[in-house]
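Sharing a structure with you now.
Readers should treat all values here as calculations from the given coordinates under stated rules, not as data from a laboratory. Since the model is a prediction, treat every value here as computed from it, not as a measurement. Positions of Cβ are backbone-derived with ideal geometry, glycine not excepted, and every protein chain shown enters the neighbour counts.
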């Protein structure tokens, strides 16, 4: 198993550009999520999904869209990039939705810089 | 990544010594806690967890202690090795899925060979 994979690893955007961060998992996990990690702050939840076709907002959803058309993939779209979205983005998955004792696996991250 | 490690509290430990990393959590209603390890340039990795009905749990070379009276969590690493160098952070949860988990900022552990 490759686990949770993310592409790209690094990305530089100009303000106003859009892009999609890719996330895939090959463990048949129900639950997938996106976090951002900023200096001096803990991980913050952007969006999450409890299964294909079901998504919901986390703590900091503004400026981001998600979709979950398959169990495996959970892309994160930046609609119009802003410097405040400069961050490291992590995708994560766990087998069962709603069961926090079920280990959450993180991808390697995407480092995004918005100029 | 490295930019996340900046401005974090740092603990420097000699190789072979024991490390103790502390975490103060915010919500007295939290009933489940997790410790993560994050190596430079990588995603967080689960280390150990503990429920609020326990005050101690042991894993391989790691022990988590929970003091609910003062809302304090600690991670003890025995015989610290260079491969233990990373950022460690705790997370708390109030009866729900991962969407209800709050993550701490973390402590950077530096192991001196």
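Given A:81, A:24, which one is touching a strand residue (DSSP E or B) at 6+ places or on another chain (Cβ under 6 Å), surrounded by 16 or more Cβ atoms within 10 Å (Cβ to Cβ) and part of a loop (DSSP other than H, G, I, E, B)?
Values: A:24 fails: part of a loop (DSSP other than H, G, I, E, B).
Just a single option satisfies the conditions, and that option is A:81.
Here are B:70, B:111: which of them is over 14 Å from the mean Cα position of the chain (by Cα), over 22 Å from residue A:102 (Cα atoms) and crowded, with 17+ Cβ neighbours inside 10 Å? Please lay out each step first, then the result.
Details: B:70 fails: crowded, with 17+ Cβ neighbours inside 10 Å.
Exactly one residue qualifies, and that residue is B:111.
What residue, of A:98, A:58, A:51, is in contact (Cβ under 8 Å) with a residue 60 or more places away in the chain and either within 8 Å of chain B (Cβ to nearest Cβ) or farther than 30 Å from residue B:9 by Cβ (or both)? Spell out how you get there, then give the answer.
On the way: A:58 fails: in contact (Cβ under 8 Å) with a residue 60 or more places away in the chain; A:51 fails: in contact (Cβ under 8 Å) with a residue 60 or more places away in the chain.
Of A:98, A:58, A:51, the one residue that is in contact (Cβ under 8 Å) with a residue 60 or more places away in the chain and either within 8 Å of chain B (Cβ to nearest Cβ) or farther than 30 Å from residue B:9 by Cβ (or both) is A:98.
Checking residue B:24 against (1) surrounded by fewer than 16 Cβ atoms within 10 Å (Cβ to Cβ); (2) more than 13 Å from chain A (Cβ to nearest Cβ), which single condition isn't satisfied?
Looking at each condition in turn, residue B:24 falls short on (2).
Another question, then. Which members of the stretch B:47-67 meet the condition of being in a strand (DSSP E or B) and loosely packed, with under 15 Cβ neighbours inside 10 Å?
Passing the criteria: B:51, B:56, B:58, B:67.
Counting only residues that are outside any strand (DSSP E or B) and surrounded by 17 or more Cβ atoms within 10 Å (Cβ to Cβ), which one in the stretch B:36-46 is nearest to the other protein chains (Cβ to nearest Cβ)? Steps first, answer last, please.
Going through the stretch B:36-46, the residues outside any strand (DSSP E or B) turn out to be B:39-44.
With surrounded by 17 or more Cβ atoms within 10 Å (Cβ to Cβ) added as a condition, the list becomes B:43-44.
Details: B:43: 3, B:44: 5 Å.
Applying the filter and picking the extreme gives B:43.
Quick one: which residue in A:7, A:15, A:71 is under 11 Å from the mean Cα position of the chain (by Cα) and away from every other protein chain (no Cβ under 13 Å)? Before the answer, list the steps.
On the way: A:15 fails: under 11 Å from the mean Cα position of the chain (by Cα); A:71 fails: under 11 Å from the mean Cα position of the chain (by Cα).
Sole residue among the options that is under 11 Å from the mean Cα position of the chain (by Cα) and away from every other protein chain (no Cβ under 13 Å): A:7.
While we're on this one: In the stretch A:63-72, which residues are surrounded by fewer than 16 Cβ atoms within 10 Å (Cβ to Cβ) and in a strand (DSSP E or B)?
Passing the criteria: only A:65.
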